[in-house]
Amino acid sequence: MNQLTLIWIALPFLLGFIIYLLPRLTRPLTLLAVFFSLGYGLALGTVTTPVSLRLLDHFGVSLFLDGLTSFFIVTNALVTMAVVLTVWESEQTPFFFAQLLILHGSVNVALASTDWISLYVALEVVGIAAFLLIAYPGTERVIWVGLRYLLVSNIAMLFYLVGAVLVYESHHGFDFVGLRVAPPEAVALLLLGLLVKGGIFVLGFWLPMTHASAAAPVSALLSGVVVKAAVLPLVRVALLVPAVEPIIRLLGVGTALLGVGYALFERDVKRMLAWSTTSQMGFILAAPEVGGFYALTHGLVKAALFLGAGQLPSRDLTELQQRGIPRYLGIPLGLASFSISGFPLLAGFGAKVLTMQNLRPWQEWAMTGAAVGTATIYAGVFFLPWTQAETRLPRGLGWGLGLLLGGLWVANGVYYEAFTVANVIKPLVIIGVGWGLYWGIVRRLREHLPAFGEQLEHLLGMMSVGLVVLFGLAWGW
Amino acid sequence: MVILEAGVFATILVGFLGTLFKGNLIMKIMAMDVMSTGVIAYYVVVAAKGGVFTPIWLPGRAVAYADPVPQAVILTAIVIGLSIQALMLVGVMKLSRYYPTLAVRDIELKNSP
């Protein structure tokens, strides 16, 4: 397994660079690397002893992979595969596919590494590859959005670096566990970097515009896997360092409510989906020990939703309610909405039940509220009228959506114990209340929440506020 | 040593404030570079806490060596910082065709969410 792990890490980068040499083999090579990743992730899920590697002596790279990681790896592989299938017949250049593979590989590294410096390198490569994919169309808007993303994330990572050296000073190593003995300022600085990268709470205000402005396949990748490259380390730290766990849980609750709150007032489909990503990251962090399964179901659903949203005739929900959407899009979008609302028979149900069971008592009411809000948001997608369409679903997109939704169906098996009467009734009540809210109130809402928090200066200013608050939390707990 | 450390933190702070208060996109990126200079210098200061002698071990030489680990680590960060800086400047060059002044306020007025 150890050698397989090293091959798995190197392969996407290797094939990504080979694409430049053999551009004719671009698409098969991309698919090959992603297939290997999927196989590795599934194999890792069946291994009982976690893989633990330390390269280059005491201060070197440390990798740790267990069942929790395997969920994230499978998510990464399936979402990337769906995206590759979707753009298979398009005009994208080999450059696009090479970046896709480099992004895939660097997300894998970020998921595997458990020392602060390897994680830093991986997250920076993720940022660069994501920037190149966002800016690929080359219009002024995407270049600006990409630059904004790179500037914000790079400044956050500079704070993170200061935190990493503080850990080194007290622990004489860069391991995650070093945070146990590190001073509170190290906790605040490191968390700040990861929270900004993962789009958590008010530090994630860069996320909606970035994810909404990118092309649909890139949005699917950004929402489905890229933010999770920073969320898994947060989960890992919460599990390793008891002092940090309540902070992560608190931030999870805050993020879930904040994302839902903004999404309810949003009329732009892609921005609504992006806000929902924020709130779903909150669900993962609210119950860190079972976050892996939730991340898998969210990644599959959100990628399907973004890929489908790219084909919609308009981005405005009000307009879509009047004009309707083609039936071939309505069915997959409806199924995805069902899963994310927690409807039984799709994996989102099991994930939600598992998360709800692992909440602390003080989290329960807030998270139930967030679940109701999620059902309300996705009622807006589910109740769009369907129309007969002359055109057909593009073939590649059909394969991609089939893969994602099929994955959701198969993933039911991960936690089939969830299907008891009590477990089934609660989500149905939540969905019922959510739909009632939608038809009663939200459908008629025409207000907009102010978006000044998304300006670049406010994004940067929020980091200084966040740093102070995080320090207070780390110091107080 | 304390004064050195204070100077390093002042550099980081000045750089961060620059990214906040400068209105021009190029100036923001330069300020980010100032900040990263501060962070790099901090790693060097941490490495020098135990001694400042270049960490090349020779038999029979007992001096206070500097810690090699933070220096080795920050070398990676320097390279990454440089490449990101270069990438951003290329992006700014492309952007300057549409916004010759590169004032962030103007760009955001046109590209608000």
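The values are calculated or read from the model by the stated rules, or taken from the named source; none is laboratory data. This structure is a prediction, so every number in the text was calculated from the model and none was measured. Every residue, glycine among them, receives a Cβ derived from its backbone with ideal geometry; neighbour counts consider all protein chains shown. SASA here: full protein model, heavy atoms, side chains in, ligands and nucleic acids out. Shrake-Rupley method; radii C 1.70, N 1.55, O 1.52, S 1.80 Å.
Here's the yes/no breakdown for (1) of a type in the set (A, V, I, L, M); (2) buried (at least 19 other Cβ atoms within 10 Å of the Cβ); (3) more than 20 Å from the chain's Cα centre (by Cα); (4) closer than 19 Å to A:LEU333 by Cβ:
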position	(1), (2), (3), (4)
A:THR376	no, yes, yes, yes
A:PHE383	no, no, yes, yes
A:TYR416	no, no, yes, no
A:ALA422	yes, no, yes, no
A:VAL433	yes, no, yes, no
Discussion item. Can you tell me which condition B:MET30 does not meet? The list is (1) under 19 Å from A:VAL125 (Cα atoms); (2) more than 9 Å from chain A (Cβ to nearest Cβ), and all the others hold.
Written reply: (1)
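Of all residues being more than 10 Å from chain A (Cβ to nearest Cβ) and surrounded by 15 or more Cβ atoms within 10 Å (Cβ to Cβ) in region B:57-72, which is nearest to B:GLY38 (Cα to Cα)? Just the residue, please. Show your work before the answer.
Initially, region B:57-72 is screened for residues more than 10 Å from chain A (Cβ to nearest Cβ), giving B:57-66, B:71.
With the extra rule that they be surrounded by 15 or more Cβ atoms within 10 Å (Cβ to Cβ), the set shrinks to B:65-66, B:71.
On the way: B:TYR65: 23, B:ALA66: 19, B:GLN71: 14 Å.
In this case the residue turns out to be B:GLN71.
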Practice prompt. Would you mind finding the one in A:PHE205, A:PHE176 that is assigned by TED's automatic domain parsing to the domain that holds A:TRP477, farther than 21 Å from B:ILE29 by Cα, of a type in the set (A, V, I, L, M, F, W, C) and at pLDDT below 95?
Written response: A:PHE176
Worksheet item: Any residue in region B:89-105 that is of a type in the set (Gly, Ala, Ser), open to solvent by less than 30 Å² (accessible area, probe 1.4 Å), within 7 Å of chain A (Cβ to nearest Cβ) and under 12 Å from the mean Cα position of the chain (by Cα)?
Response: no
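Among residues belonging to region B:33-46 that are open to solvent by 40 Å² or more (accessible area, probe 1.4 Å), touching a residue at least 24 places away in the same chain (Cβ under 8 Å) and more than 9 Å from chain A (Cβ to nearest Cβ), point out the one that is nearest to B:GLU5 (Cα to Cα). Working first, answer last.
Just the residues of region B:33-46 that are open to solvent by 40 Å² or more (accessible area, probe 1.4 Å), to begin with: B:33-34, B:37, B:40, B:44.
After this cut, where a residue has to be touching a residue at least 24 places away in the same chain (Cβ under 8 Å) as well, the list is B:33, B:37, B:40, B:44.
Narrowing further to those that are more than 9 Å from chain A (Cβ to nearest Cβ): B:33, B:37, B:44.
Details: B:ASP33: 18, B:THR37: 13, B:VAL44: 10 Å.
If we take residues in region B:33-46 being open to solvent by 40 Å² or more (accessible area, probe 1.4 Å), touching a residue at least 24 places away in the same chain (Cβ under 8 Å) and more than 9 Å from chain A (Cβ to nearest Cβ), then B:VAL44 is nearest to B:GLU5 (Cα to Cα).
For region A:285-297, what are the residues that are in a helix (DSSP H, G or I) and either in contact (Cβ under 8 Å) with a residue 60 or more places away in the chain or polar (S, T, N, Q) (or both)?
Step one: of region A:285-297, the residues in a helix (DSSP H, G or I) are A:285-286, A:288-297.
Selection gives A:LEU285, A:ALA286, A:GLU289, A:VAL290, A:GLY291, A:GLY292, A:PHE293, A:TYR294, A:ALA295, A:LEU296, A:THR297.
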Worksheet item: Out of (1) open to solvent by 10 Å² or more (accessible area, probe 1.4 Å); (2) over 18 Å from A:ILE425 (Cβ atoms), what's the single condition that is false for A:LEU346?
Response: (2)
Worksheet entry | Any chance B:LEU75 is more than 8 Å from chain A (Cβ to nearest Cβ), over 26 Å from B:ARG105 (Cα atoms) and open to solvent by 40 Å² or more (accessible area, probe 1.4 Å) | yes
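So that you can scan it fast, the table gives a plain yes or no per residue for (1) touching a Pro at 6+ places or on another chain (Cβ under 9 Å); (2) open to solvent by 10 Å² or more (accessible area, probe 1.4 Å); (3) more than 16 Å from A:LEU240 (Cα to Cα); (4) within 11 Å of chain B (Cβ to nearest Cβ):
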| position | (1), (2), (3), (4) |
| --- | --- |
| A:ARG141 | no, yes, yes, yes |
| A:LEU147 | no, no, yes, yes |
| A:LEU150 | no, no, yes, yes |
| A:ILE155 | no, no, yes, yes |
| A:PHE159 | no, yes, yes, yes |
| A:LEU166 | yes, yes, yes, yes |
| A:GLY173 | no, no, no, yes |
| A:LEU179 | no, no, no, no |
| A:ALA186 | no, no, no, no |
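Looking at A:ILE102, A:ILE128, can you tell me which residue is within 14 Å of chain B (Cβ to nearest Cβ), in contact (Cβ under 8 Å) with a residue 60 or more places away in the chain and surrounded by fewer than 24 Cβ atoms within 10 Å (Cβ to Cβ)?
On the way: A:ILE128 fails: in contact (Cβ under 8 Å) with a residue 60 or more places away in the chain.
Step by step, each of A:ILE102, A:ILE128 is checked, and only A:ILE102 is within 14 Å of chain B (Cβ to nearest Cβ), in contact (Cβ under 8 Å) with a residue 60 or more places away in the chain and surrounded by fewer than 24 Cβ atoms within 10 Å (Cβ to Cβ).
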Discussion item. Can you find, within region A:447-457, the residue that is farthest from the other protein chains (Cβ to nearest Cβ) among those that are in contact (Cβ under 8 Å) with a residue 24 or more places away in the chain and open to solvent by 80 Å² or more (accessible area, probe 1.4 Å)?
Written reply: A:GLU447
Discussion item. So, in region A:30-60, how many residues would count as being touching a Phe, Trp or Tyr at 6+ places or on another chain (Cβ under 8 Å) and in contact (Cβ under 8 Å) with a residue 60 or more places away in the chain?
Written reply: 3
Fill in: Selection count, region A:46-98, where residues are surrounded by fewer than 17 Cβ atoms within 10 Å (Cβ to Cβ), hydrophobic (A, V, I, L, M, F, W, C) and under 22 Å from A:TYR294 (Cβ atoms)
1
